[in-house]
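Below is one structure, written out as structure tokens; the observations come after it.
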Amino acid sequence: MSSGQPTTSSIPSAPIAEGADDAVLPYSVEPLDLRGRAVRLGPSIDTILRRHGYPDPVARLLGEATALTALLGSSLKGEGRFQLQTKTDGPVEMIVVDFEAPDRLRATARFDAERVAALDAKAKAADLIGHGHLAMTIDQGSAQSRYQGIVALEGQGLEEAAHQYFRQSEQIPTRVRLAVAEQVEGGEQRWRAGGLLMQFLPSSPERMRQADLDPGDAPEGHERLDETGLPEDDAWVEARSLAATVEDHELVDPAVSSERLLYRLFHERGVRVFDAQPLIEQCRCSRERVLGMIRSFSDQERRDMVADDGKIGITCEFCSRHYVVDPAEAEGEAAPEGDQSHH
């Protein structure tokens, strides 16, 4: 969770209607032992999705993945990088979303255009993803601080995959809601994305042992138990029920701020918000990184990269920036003057 100071002791009775786009808002609901974050993406996600002209189903899926990455990556303190990556047999073969602390996002997707076009208009995220795996990687600069959790994708969407990740990797009861929509803003179509993360983090040992698994309906007259054999915590049952009431439009509507949404959900219990964390769309690529990548190949592989014009051309999959490199520069020699990267 963000360690920033709370902006208020609680959300006022009349929270602001419109909140900031491209920002993560941490919050806590102390009576329910909840911690969480809400995210709203506006210009940043619109730039990411329009840059590549993704078909609508792919854009929606990548928007969900980007919102999820923002929710999870924004918990990093100091320097570090969080990466979400899928590799599957579905029409969308791969998704990669990077969050570089404290605020930079970038995202890309590879897909089979024919398979995507053949999908039904009501196809869900799970239909696009198919079967494979989802990897979430935290890298804070050293081998000792690198961690990766992997979830098998077996026909579920990103929300359920996130729940599975927390059950397996961190054993923290968690609920995630994600939404993406294309809306008219200023007379133009714009992509928006949003998400809500809530986690049950009780302080008492008895409550901490509660599991994030729905045990089903208990027979009449019997107390409902979780897989540990303990009664399911009432606070977490209440929190999950509230999360289930969140509608997609509430997560993306610019007229419904994160503060207003949190107030609607938790005003009876009392909710505290912390300083919002701004987000920006920004790629990590650079000419130096491209040169380093080219130099990592063998001499023969570099020769094979040379085009008819005698140059090596590299296009970043994330931001579409195109770099033109002289083969001599790739060998460590100075490039001819005026040889610059271009879009």
* Condition broken by Ser75, with the remaining ones in (1) farther than 21 Å from Ala107 by Cα; (2) touching a Phe, Trp or Tyr at 6+ places or on another chain (Cβ under 9 Å); (3) modelled with pLDDT under 95 satisfied -> (1)
* Looking at (1) out of contact with any strand residue (DSSP E or B) (no Cβ under 8 Å at 6 or more places or on another chain); (2) of a type in the set (Lys, Arg); (3) within 23 Å of Leu251 (Cα to Cα), can you tell me which one Arg104 breaks? -> (1)
* For the range 35-49, does any single residue satisfy the condition of being under 21 Å from Asp248 (Cβ atoms), among the polar types (S, T, N, Q) and in contact (Cβ under 8 Å) with a residue 24 or more places away in the chain? -> yes
* Complete set of residues in the range 136-158 that are buried (at least 16 other Cβ atoms within 10 Å of the Cβ) and either over 19 Å from Pro91 (Cβ atoms) or touching a strand residue (DSSP E or B) at 6+ places or on another chain (Cβ under 9 Å) (or both) -> Met136, Ile138, Asp139, Gln140, Val151, Leu153, Gly157, Leu158
* Asked: Wholly within the range 21-119, which helices (runs of 4 or more DSSP H) include no fewer than the required count, namely at least 1 residues that are among the polar types (S, T, N, Q)?
  -> 43-52, 56-73
* To do: Looking only at the range 140-150, decide whether some residue is of a type in the set (D, E, K, R) and in contact (Cβ under 8 Å) with a residue 24 or more places away in the chain.
  => no
* To do: State whether one or more residues within the range 160-176 are among the hydrophobic types (A, V, I, L, M, F, W, C), more than 25 Å from Arg40 (Cβ to Cβ) and either surrounded by fewer than 18 Cβ atoms within 10 Å (Cβ to Cβ) or not assigned by TED's automatic domain parsing to the domain that holds Ser241 (or both).
  => no
* Asked: Do you know which of the residues in the range 136-171 that are in a helix (DSSP H, G or I) and among the aliphatic types (A, V, I, L, M) is farthest from Gly63 (Cα to Cα)?
  -> Ala143
* Test each condition in (1) within 18 Å of Leu62 (Cβ to Cβ); (2) over 14 Å from the mean Cα position of the chain (by Cα) for Lys122 and report the one that comes out false. => (1)
* To do: For the range 280-343, please list each of the helices (runs of 4 or more DSSP H) lying entirely inside it that holds at least 1 residues being surrounded by 17 or more Cβ atoms within 10 Å (Cβ to Cβ) and either at positive phi or modelled with pLDDT under 85 (or both).
  => 327-330
* Where a residue in the range 297-308 is in the same structural domain as Val325 (by TED's automatic domain parsing) and its partner, wherever it lies, is not in a helix (DSSP H, G or I), with Cβ under 7 Å and at least six apart -> Met305/Ile312; Val306/Ile312; Ala307/Gly313
* To do: Could you identify the single residue in Ala117, Ala67, Ala101, Ala38 that is surrounded by fewer than 23 Cβ atoms within 10 Å (Cβ to Cβ) and either out of contact with any Phe, Trp or Tyr (no Cβ under 9 Å at 6 or more places or on another chain) or at pLDDT 95 or above (or both)?
  => Ala117
* Would you confirm whether any residue within the range 180-188 is assigned by TED's automatic domain parsing to the domain that holds Ser241, in a helix (DSSP H, G or I) and either in contact with a strand residue (DSSP E or B) (Cβ under 7 Å, 6 or more places away or on another chain) or at pLDDT 95 or above (or both)? => no
* Among the residues listed as Ser257, Ser241, the single one being under 26 Å from Val24 (Cα atoms), in contact (Cβ under 8 Å) with a residue 12 or more places away in the chain and in the same structural domain as Ser28 (by TED's automatic domain parsing) -> Ser257
* To do: Kindly indicate whether Val273 is in a loop (DSSP other than H, G, I, E, B), in contact (Cβ under 8 Å) with a residue 24 or more places away in the chain, in contact with a Leu (Cβ under 9 Å, 6 or more places away or on another chain) and not acidic (Asp, Glu).
  => no
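The values are calculated or read from the model by the stated rules, or taken from the named source; none is laboratory data. Since the model is a prediction, treat every value here as computed from it, not as a measurement. So basically every Cβ, Gly included, is an ideal-geometry build from the backbone, and we count neighbours across all protein chains shown.
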